[in-house]
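The structure under discussion appears below in the form of structure tokens.
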Amino acid sequence: MSIARNIQELKAVLPPTAKLVAVSKTKPNEAVLEAYAAGQRIFGENYIQELQLKENALPKDIQWHFIGHLQSNKVKYIAPYIALIHGIDSLKLLVEVNKQAQKSERIVPCLLQVHIATEESKFGLSEDELDEMLNSTELAQLHHVKIVGLMGMASFSNNLTLVENEFKTLKALFDKYSVLVTNNIQFSELSMGMSGDYEIALKHGATLVRIGSSIFGTRS
Ligand SMILES: *Cc1c(COP(=O)(O)O)cnc(C)c1O
């Protein structure tokens with residue numbers, strides 16, 4: 001099936017409360033343009049260098065989301081244009097995003113990544129670390145970032161009950177902190193669900209699903 005067709009089919013099943021992040025990592029500009037021609041404007045990338053090249057070459061009304069593991073020393077490259085950073089997992093990283101966003105005279109929207117999977121390899125904050133970060137006085141001083149919600153990755157597993165419970169955990173945390181509104185915290189986005197599990201994520205309140213292979217085909 002074509003990229004355009006895949007996008008149309010996905011959009012048809014998305015509730016009005018959810019948006020599609022088309023994950024274009026490793027895919028060529030032509031593939032992004034095909035999705036763009038089908039009306040897609042939000043794209044997710046994992047690698048800074050690849051994102052830089054794409055941002056430079058592709059239409060300026062694309063909203064680029066960084067969904068990978070972000071290193072502090074790379075933040076400066078994306079701060080001028082990034083629409084949303086999904087994977088903030090430390091205060092130190094957020095401090096750097098704030099610093100670089102200030103240089104660009106921007107307020108950069110960010111999601112805090114929570115570790116919900118059983119696997120150890122996945123990044124993210126524990127519930128305690130999340131709580132500490134959201135309530136920290138240091139965070140309140142960062143005027144060039146805005147925490148707009150949470151992101152998580154479920155276990156890579158065929159056990160759908162396990163995956164479902166992980167999404168439920170993240171949704172419960174999202175609801176818990178949705179009442180916490182400050183100068184730079186106001187939740188509206190819950191980023192969860194990929195090609196293999198987005199239907200379960202949508203059932204549990206995802207507002208952003210990050211889908212790559214179901215749109216662009218498998219990655220080599
Ligand atoms: C690659 C990636 C995706 C997309 O994965 P697919 O299974 O191809 O849909 C989503 N989220 C993150 C964080 C990723 O790294």
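Since every read-out is calculated from the coordinates, none of them should be taken as a lab result. Bear in mind that the values here come from a model prediction, so they are computed numbers and not experimental data. Please note: Cβ atoms are built from the backbone with ideal geometry, for glycine as well, and neighbour counts cover all protein chains shown.
A few points about this structure:
- The calculated FRET efficiency for residue 178 paired with residue 60, based on their beta-carbon distance and R0 = 35 Å, is about 0.60.
- Electrostatic dipole magnitude of the chain [Cβ: Lys, Arg +1; Asp, Glu -1; Cα centre; debye, to 20]: 700 debye
- Expected 222 nm ellipticity per residue - DSSP helices of 4 or more, -39500 (n - 2.57), all of the chain, to 500: -11000 deg cm²/dmol
- Placing +1 on the Cβ of every Lys and Arg and -1 on the Cβ of every Asp and Glu, with nothing else charged, gives segment 109-220 a dipole about its Cα centre of roughly 460 debye.
- Among the trypsin sites (Lys or Arg not before Pro) found in segment 1-79, those both in a DSSP coil and sparsely packed, with 10 or fewer other Cβ atoms within 10 Å of their Cβ, are 60.
- Cα centroid of segment 79-113 to Cα centroid of segment 123-196, whole Å: 15 Å
- At 1.306 mPa s and 10 °C, Stokes diffusion of the chain via Kirkwood alpha-carbon radius, µm² per second: 90 µm²/s
- Those GluC sites (Glu not before Pro) in segment 89-140 that DSSP places in a loop and that have at most 13 other beta carbons within 10 Å: 105, 119, 120
- Length-normalised contact order for segment 92-162 - Cα pairs under 8 Å, 6+ apart - percent: 42 percent
- Of the trypsin sites (Lys or Arg not before Pro) in segment 134-220, the ones in a loop by DSSP (not H, G, I, E or B) with at most 10 other beta carbons within 10 Å are 219.
- Amide hydrogen proximity for residue 146: with H placed 1.01 Å from N in the peptide plane, the residues at 5 or more positions away or on another chain lying under 5 Å are 108, 110.
- Remark: the residue 99-residue 41 segment gains 18.2 nm on full extension, using 0.36 nm per residue and subtracting the alpha carbon distance.
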